[in-house]
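Asker: Once you've had a glance at the structure underneath, I'll fire off some questions.
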Amino acid sequence: MKKLLTTMLALLMVISLVGCQKKPTEKITLKVWGPQEEQELLNEMVESFKKAHTDKEWDITFGVVSEADARQKVSEDPAAAADVFAFANDQLRDMVAAGLLYEVQREADLAYIKSEISQLAIDSATLDGKVYGYPETADNGYFMYYNRSIISDDTAKDLDAILAAAQAAGKKVFMDVSNGWYIASFFLGNGGTLALDASGKQICDFNNANGLAAAQGIKAFVEHPAFLTGDDSVLVAGVQDGSIVAAVSGTWNAETISAAFGNDYAATKLPEYTDGTGKKVQMASFGGTKLIGISSQTAHPAEAMDLAMWLTNEANQVRRFEVRQIGPANIKAAESDAVKANVALAALAYQSQFAFSQKDVTGSYWGPAEALGTSLENGSATDLQAALDDMVAQITTAQ
């Protein structure tokens, strides 16, 4: 009996010891893609993620794929694609249609996005009421730069006043009206619609009464003696030689324009213009964002979403600005003193109130819009209504 009890006690001790042994740490393998210029920063953010999530063993590797190339690279071999990757928001619709993106479904993640991310960025990540990406940046748009030695802050609010001041000084106001990205600002500001119908066909009403009034406003602008058009090379040359004192452009030209304007460097939202009916219209714009997506084929969706949330949280959006001067999508980050002190990003944030996402603009829009802008610039669009009708017909039928 004593021997039996001893044996039973020994067995219980073995069982107890086995039960007390620590379970092996789960190993999670993830692949992350980002642009070349962000590899060092991504590594820094991932290391901080690991330190904050020590409950698991992490094997996270990196690949160099730009936001612009994400859709193509993921499409080539979805099974071999990264679990977590950055992509431009204008790729969202095609990626969702191809089944490449994991829908963001966790309530906590959606609550963060809907409460702490700018509306433009939320719209850029949303399709048919569902969210398919974590907004990372809100830095792809355009606004008005101006030289305070010629254009006062008050003058910068109105396009007619800007043109008058520039003409009086023998200077120019720059805007690439023959670029479909920029010319849309007149039509969108005056209530124009670029959208998709249920079948995915482009809807465009730029030839209605408001569109005609907008086109008349563009015509008056391009015919003004102070107007100047061209590509970025023309803009850069003009600000450097002092001939351009106001220009519509984006953050990529901030350093050059700041250096050229010196202490008189300033920027703000796009101005109001006068349409063909005499009404003052706030110019709108396209606004682009970058998102962090999750591959629909990831083996670890929960952990991939944890990482995506980390890469796009407020602290890391501030950090991304500090390192790369990129505009945050997070509202609090965008309101930080450091971001507000950046003249170009502050202007972009101001303009974002009047910006529209490009996710519902198809390839059929760009060519006809460019053709209209070119015809307005060179004066060949003598019948504006006919020119608008032709543009809209091409946009809506060439699909």
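Asker: State whether the residues of region 254-269 include one that is touching a strand residue (DSSP E or B) at 6+ places or on another chain (Cβ under 7 Å) and of a type in the set (Asp, Glu).
Answerer: Taking every residue of region 254-269 in turn, at least one turns out to be touching a strand residue (DSSP E or B) at 6+ places or on another chain (Cβ under 7 Å) and of a type in the set (Asp, Glu).
Asker: If you take the residues of region 126-157 that are among the hydrophobic types (A, V, I, L, M, F, W, C) and over 15 Å from residue 355 (Cα atoms), which of them is farthest from the chain's Cα centre (by Cα)?
Answerer: 150
Asker: Sticking with this one: Could you say whether any residue in region 254-261 is surrounded by fewer than 22 Cβ atoms within 10 Å (Cβ to Cβ), β-branched (Val, Ile, Thr) and touching a residue at least 24 places away in the same chain (Cβ under 8 Å)?
Answerer: No: zero hits.
Asker: Enumerate the pairs (first residue in region 200-213 and more than 17 Å from residue 185 (Cβ to Cβ) and of a type in the set (A, V, I, L, M); second residue anywhere and surrounded by fewer than 17 Cβ atoms within 10 Å (Cβ to Cβ) and modelled with pLDDT under 95) with beta-carbon separation below 6 Å, excluding pairs fewer than 6 apart on the same chain, so at least 6 apart or on different chains.
Answerer: These pairs meet every condition: 203/195; 203/197.
Asker: If you check 347, 381, which single one turns out to be under 16 Å from the mean Cα position of the chain (by Cα) and surrounded by 21 or more Cβ atoms within 10 Å (Cβ to Cβ)?
Answerer: 347
Asker: Here are some conditions: (1) surrounded by 22 or more Cβ atoms within 10 Å (Cβ to Cβ); (2) without any contact (Cβ under 8 Å) to a residue 40 or more places away in the chain; (3) of a type outside the set (Phe, Trp, Tyr). Residue 315 meets all but one. Which one does it not meet?
Answerer: So residue 315 meets the others, but not (1).
Asker: Being modelled with pLDDT of 95 or more and not in a helix (DSSP H, G or I) is true for just one of 30, 42. Which residue is that?
Answerer: On inspection, the qualifying residue turns out to be 30.
Asker: Taking region 378-391 on its own, how many of its residues are touching a residue at least 24 places away in the same chain (Cβ under 8 Å) and over 10 Å from residue 365 (Cβ atoms)?
Answerer: Selection size over region 378-391: 7.
So that you can scan it fast, the table gives a plain yes or no per residue for (1) assigned to a strand (DSSP E or B); (2) among the small types (Gly, Ala, Ser); (3) within 21 Å of residue 273 (Cα to Cα):
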| residue | (1), (2), (3) |
| --- | --- |
| 213 | no, yes, yes |
| 221 | no, no, yes |
| 239 | no, no, no |
| 247 | yes, yes, yes |
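Asker: Right, another one. Output the residue which, of all residues in region 290-304 that are among the small types (Gly, Ala, Ser) and either more than 18 Å from the chain's Cα centre (by Cα) or in a loop (DSSP other than H, G, I, E, B) (or both), is farthest from residue 89 (Cα to Cα).
Answerer: Looking at the filtered set, the residue picked out is 299.
Asker: A follow-up question, please. Residues to consider are 54, 6, 61; find the one that is modelled with pLDDT of 55 or more, of a type in the set (Ser, Thr, Tyr) and not assigned by TED's automatic domain parsing to the domain that holds residue 307. I'd like the intermediate steps shown before the answer.
Answerer: Values: 54 fails: not assigned by TED's automatic domain parsing to the domain that holds residue 307; 61 fails: not assigned by TED's automatic domain parsing to the domain that holds residue 307.
Step by step, each of 54, 6, 61 is checked, and only 6 is modelled with pLDDT of 55 or more, of a type in the set (Ser, Thr, Tyr) and not assigned by TED's automatic domain parsing to the domain that holds residue 307.
Asker: Residue under question is residue 104, and the condition is that it be over 18 Å from residue 320 (Cα atoms), part of a loop (DSSP other than H, G, I, E, B) and modelled with pLDDT of 95 or more; does it hold? Step through it out loud before you land on a result.
Answerer: Details: over 18 Å from residue 320 (Cα atoms): yes; part of a loop (DSSP other than H, G, I, E, B): yes; modelled with pLDDT of 95 or more: yes.
Answer is yes for this residue.
The values are calculated or read from the model by the stated rules, or taken from the named source; none is laboratory data. Just so it is clear, the structure is predicted and the values come from calculations on it, not from any experiment. Quick reminder, even Gly has a Cβ in these numbers, built from the backbone with ideal geometry, and neighbours come from all protein chains shown.
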